[in-house]
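The values are calculated or read from the model by the stated rules, or taken from the named source; none is laboratory data. Computed from a predicted structure; not experimentally measured. Please note: Cβ atoms are built from the backbone with ideal geometry, for glycine as well, and neighbour counts cover all protein chains shown. With ligands, DNA and RNA removed, areas are computed over all heavy atoms of the protein, side chains included. Shrake-Rupley method; radii C 1.70, N 1.55, O 1.52, S 1.80 Å.
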Amino acid sequence: MAYQQPALLYAENALEPFISAKTLSFHYGKHHVAYITNYNNLVAGTSFDSLTLEEVIALTATDPQKVGIFNNGAQALNHSFYWNCLSPNGGGKPDGELEAKITQDFGSVDKFKEELKTAAATQFGSGWAWLVLEGDTLKVIKTSNAQTPLTSGQKPILTIDVWEHAYYLDYQNRRPDYVATVIDNLVNWDFATENFKKGRV
Ligand code: MN3
């Protein structure tokens, strides 16, 4: 079945001044759309056509013959997840159960934020920084290109896109500034908490 791009839950200019409408119009309107279009074209008429995007990602992750389907499919899914990790009312810190678990697993919310910033800043080349649940432990990881923690059995709680297209128009080469700004001002902790609660069941 063709994968449909989920609607953005905020206006393209709603994340300003932290992420510009211009960045979102290219990132959501061009880059993400291209991954979805490529994915849908590649699976059309194949046995993957009747499967969900998540199923296709799991089946193609280790198949070198299917790298095009995996890369476009995983990027389609990673971006759909990323948009929900951002909010015009974001930033601050998590509360309740997630705050307690972050404190338990990282020492403090500030230490977690530092670890996420470091992962995002040190991902060499294109990729993603993530907060994931592995078993019942929260971890910060980074992935290259289209790779997703789903294929390692980890459950995504939060992500930051660190491909240059995510920040270059606004921050040029200053990836650490983009990452710090997202963490301090845009992180959608409500969405992260939802993922955490679902992931623990
Ligand atoms: Mn991107």
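Dividing the convex hull volume of the Cα atoms of the chain by its residue count, what figure in Å³ per residue is obtained? Don't jump to the answer; show the numbers that get you there.
Values: hull volume 22.3 nm³, N = 201.
Enclosed volume per residue, from the Cα hull, is 111 Å³.
Which distance in nm do the two modelled labels at Ser144 and Asn89 give, with both placed 7 Å along the Cα-to-Cβ direction?
4.1 nm
Determine the shape class of the stretch 96-200: with a ≥ b ≥ c the square roots of the Cα gyration tensor eigenvalues, call it rounded for a/c under 1.5, and otherwise prolate if a/b is greater than b/c, oblate otherwise. Don't skip to the end; give the middle numbers.
Numbers: a/c = 1.97, a/b = 1.46, b/c = 1.35.
The shape class here is prolate.
Give me the extension gain from Asp136 to Thr151: residue separation times 0.36 nm, minus the current Cα-Cα distance, reported in nm with one decimal.
Details: separation 15, 0.36 × 15 = 5.40 nm, distance 1.70 nm.
Working it through step by step, the gained length comes to 3.7 nm.
Do you know the relative contact order of the stretch 96-200, to the nearest whole percent, from alpha carbon pairs under 8 angstrom that are 6+ apart?
Details: 138 pairs, mean separation 26.6, N = 105.
In percent, rounded to a whole number, it is 25.
Mean-square fluctuation check for the chain, GNM, Cα pairs under 10 Å: which of Val182, Val43, Val162 is largest?
So, out of Val182, Val43, Val162, the one fluctuating most is Val43.
Where only protein heavy atoms count, and the probe is 1.4 Å, what is the accessible area per residue for the stretch 113-201 in Å²?
Details: 3890 Å² over 89 residues.
On a per-residue basis, the stretch 113-201 sits at 44 Å².
Among Ser126, Ala58, Gly73, flag the residue with its Cα farthest along the positive direction of the charge dipole of the stretch 53-179, charges on Cβ as +1 for Lys/Arg and -1 for Asp/Glu.
So the residue we want is Ser126.
For the chain, set up a Gaussian network in which alpha carbons nearer than 10 Å are linked by springs, and say which option among Ala119, Ala21, Ala76 fluctuates the most.
Per the Cα network of the chain with a 10 Å cutoff, Ala21 tops the list.
Can you give the charge dipole size of the stretch 62-201 about its Cα centre, rounded to the nearest 20 debye, using +1 on the beta carbon of Lys and Arg and -1 on the beta carbon of Asp and Glu?
Numbers: 14 positive and 17 negative charges, 51 e Å.
Its charge dipole is roughly 240 debye.
How big is the stretch 1-111 along each principal axis, measuring the range of its Cα positions in Å and listing the largest first?
Projected onto the principal axes, the Cα atoms of the stretch 1-111 cover 48, 35, 20 Å.
Label points 7 Å out from Cα along the Cβ direction at Ala58 and Ala44: separation in nm?
2.7 nm
Along the charge dipole of the chain, pointing to its positive end and built from +1/-1 on Cβ of Lys, Arg, Asp and Glu, which listed residue (Phe196, Leu150, Tyr10) has its Cα farthest out?
With unit charges placed on the Cβ atoms, the residue in question is Leu150.
Can you list the HN-Hα couplings for the stretch 27-33, worked out from phi with the Karplus curve (6.51, -1.76, 1.60; θ = phi - 60°), rounded to whole Hz and with x for Gly and Pro?
For the stretch 27-33, the Karplus curve yields 6, 6, x, 10, 4, 5, 4 Hz.
Under 10 Å, Cα contacts only: if you run a Gaussian network model on the chain, which one of Leu133, Leu169, Leu98 comes out with the highest mean-square fluctuation?
Of Leu133, Leu169, Leu98, the most mobile in the Gaussian network model is Leu169.
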